[in-house]
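The values are calculated or read from the model by the stated rules, or taken from the named source; none is laboratory data. These numbers come from a predicted model, not from an experiment. Cβ: placed from backbone, ideal geometry, glycine included. Neighbour counts: every protein chain shown. All accessible areas refer to the heavy atoms of the entire protein, side chains included, with ligands and DNA or RNA removed. Shrake-Rupley method; radii C 1.70, N 1.55, O 1.52, S 1.80 Å.
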Amino acid sequence: MIDLEVVASHALSLDGVRERAGSGRRGWYWRGRLVARQEDGGSLVVRCAFDDRERLLDEHPETCSVPPHLESHQKVLVDLDRGDAAVATAVITAAWELQRSAR
């Protein structure tokens, strides 16, 4: 199980990431660009390059998935209930790096 507070603390430790909440969900953004946001009580949507996403799905199926509504987007769903915290924080760091490189 991944504690949302661990996710929040990690995301906020990344340079320039800010938290904002909307519709009862927490989200973390770099210069207004999505890094991660709470999808529901048990999952996060995290920005992810398509190539990295395929690797994550193969290597960490217990943590990462792509539901049909996210297939055409550069995003991955992180399962907070079954996932691995180290994988989740690595995915969030990669999302932050992706957003920073898209200047």
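General observations
- Figure note: R25, R18, R47, R53 ranked by solvent-accessible area, largest first, 1.4 Å probe, ligands and nucleic acids not counted: R18, R25, R47, R53.
- Relative contact order %, the chain, counting alpha carbon pairs below 8 Å whose residues are six or more apart: 30
- Taking S101, S43, S23 and ordering them by how much accessible surface each has at a 1.4 Å probe, largest first, produces S23, S101, S43.
- For the chain, the solvent-accessible area works out to 54 Å² per residue, with a probe of 1.4 Å and every protein chain left in place.
- Here the 3J(HN,Hα) profile of the stretch 2-7, calculated from phi with Karplus coefficients 6.51, -1.76 and 1.60 at θ = phi - 60°, is 10, 6, 4, 5, 5, 4 Hz, Gly and Pro shown as x.
- Of the residues V46, S101, V7, the one whose Cα sits farthest towards the positive end of the charge dipole of the chain is S101 (charges of +1 on Lys and Arg Cβ, -1 on Asp and Glu Cβ, taken about the Cα centre).
- Positive contributions from Lys and Arg (+1) and negative ones from Asp and Glu (-1), summed over other residues with Cβ under 14 Å from the Cβ of E62, come out at -4.
- In a simple Cβ point-charge model (Lys, Arg +1; Asp, Glu -1; nothing else charged), the chain has a dipole of about 720 debye relative to its Cα centre.
- A 1.4 Å probe over all protein chains sorts R31, R82, R26 by accessible area into R31, R82, R26, starting with the largest.
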